[in-house]
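Before any comments, here is the structure.
The values are calculated or read from the model by the stated rules, or taken from the named source; none is laboratory data. In this text the structure is predicted, and so the values were computed from the model without any measurement. Cβ placement follows ideal geometry from the backbone for every residue including glycine, while neighbour counts extend to all protein chains displayed.
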Amino acid sequence: MCGDVNIFFSEDDETNLTTGEMEIMIAEETSRGRGIATESLWLMMRYAIENLKVDIFEAKILEQNTASLALFKDKMGYHERRFHEVFREHWLEYRVCDGADYRQKIVDKSQHAITTKYE
Ligand SMILES: CC(C)(COP(=O)(O)OP(=O)(O)OC[C@H]1O[C@@H](n2cnc3c(N)ncnc32)[C@H](O)[C@@H]1OP(=O)(O)O)[C@@H](O)C(=O)NCCC(=O)NCCS
């Protein structure tokens, strides 16, 4: 194991949309730069749209974390929702609910995924 990927849920009572906040950490420095974060995020997002009905993915990234900003924005296509002045964080989102293309991209990027029973 070289790190972890997490998803935290919240539901908006007014819109009925489900948000999954993504967190990723490749703790083992020798494992960085090999595409593991990118692949882990796409796989988790695939699971989340198919099994957990997530409509919007979110990521909250500290302003100085250029690697993570590049990962979520440039590599994966998350958009800036707001910059939070108090926390000095960029709040990014990937809105599956905004169109079929967003969902399809997740499916395409995780084509190789095989789901098996945990034993
Ligand atoms: C940020 C982090 C998750 C990247 O993990 P990784 O497995 O090395 O990332 P990948 O190899 O999948 O890289 C994907 C993209 O991220 C960006 N990226 C990764 N490392 C980078 C670096 N050191 N500098 C700039 N951009 C970087 C690039 O856009 C890269 O795409 P490219 O390879 O086409 O250039 C990892 O460095 C880490 O765990 N950092 C500490 C924890 C953290 O900041 N978590 C995010 C908060 S949710």
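When ALA59, ALA67 are checked against the criterion of being more than 17 Å from VAL107 (Cβ to Cβ), within 12 Å of the ligand (Cβ to nearest atom), among the small types (Gly, Ala, Ser) and loosely packed, with under 15 Cβ neighbours inside 10 Å, ALA67 stands alone in meeting it.
As for the stretch 107-114, it holds no residue that is modelled with pLDDT of 95 or more, among the aliphatic types (A, V, I, L, M), closer than 23 Å to THR18 by Cβ and under 12 Å from the mean Cα position of the chain (by Cα). Filter the stretch 70-84 for residues that are touching a residue at least 12 places away in the same chain (Cβ under 8 Å) and within 6 Å of the ligand (Cβ to nearest atom) and give the result. Selection gives LEU71, LYS75. Got at least one residue in the stretch 36-45 being surrounded by 11 or more Cβ atoms within 10 Å (Cβ to Cβ), over 13 Å from SER110 (Cβ atoms) and not small (Gly, Ala, Ser)? Looking for residues that are surrounded by 11 or more Cβ atoms within 10 Å (Cβ to Cβ), over 13 Å from SER110 (Cβ atoms) and not small (Gly, Ala, Ser), one finds at least one in the stretch 36-45, hence yes. Across the stretch 1-18, the qualifying residues are those that are among the hydrophobic types (A, V, I, L, M, F, W, C) and under 14 Å from the mean Cα position of the chain (by Cα), and the one among them that is nearest to SER68 (Cα to Cα) is VAL5.
To keep it simple, each residue is scored yes or no on (1) out of contact with any helix residue (DSSP H, G or I) (no Cβ under 7 Å at 6 or more places or on another chain); (2) over 19 Å from ARG95 (Cβ atoms); (3) small (Gly, Ala, Ser).
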| site | (1), (2), (3) |
| --- | --- |
| ILE7 | no, no, no |
| ALA27 | yes, yes, yes |
| LEU41 | yes, no, no |
| MET44 | yes, no, no |
| VAL54 | no, no, no |
| ARG81 | yes, no, no |
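Within the stretch 60-104, the set of residues being out of contact with any strand residue (DSSP E or B) (no Cβ under 9 Å at 6 or more places or on another chain) and either of a type outside the set (Val, Ile, Thr) or closer than 18 Å to VAL5 by Cβ (or both) comprises GLN64, ALA67, ALA70, ASP74, LYS75, GLU85, GLY99, ALA100, ASP101, ARG103, GLN104.
If the condition is being more than 6 Å from the ligand (Cβ to nearest atom) and more than 13 Å from the chain's Cα centre (by Cα), then the stretch 19-39 contributes ALA27, GLU28, GLU29, THR30, SER31. Of the residues examined, PHE87 is one that is farther than 21 Å from LEU17 by Cα, more than 8 Å from the ligand (Cβ to nearest atom), touching a residue at least 24 places away in the same chain (Cβ under 8 Å) and among the aromatic types (Phe, Trp, Tyr).
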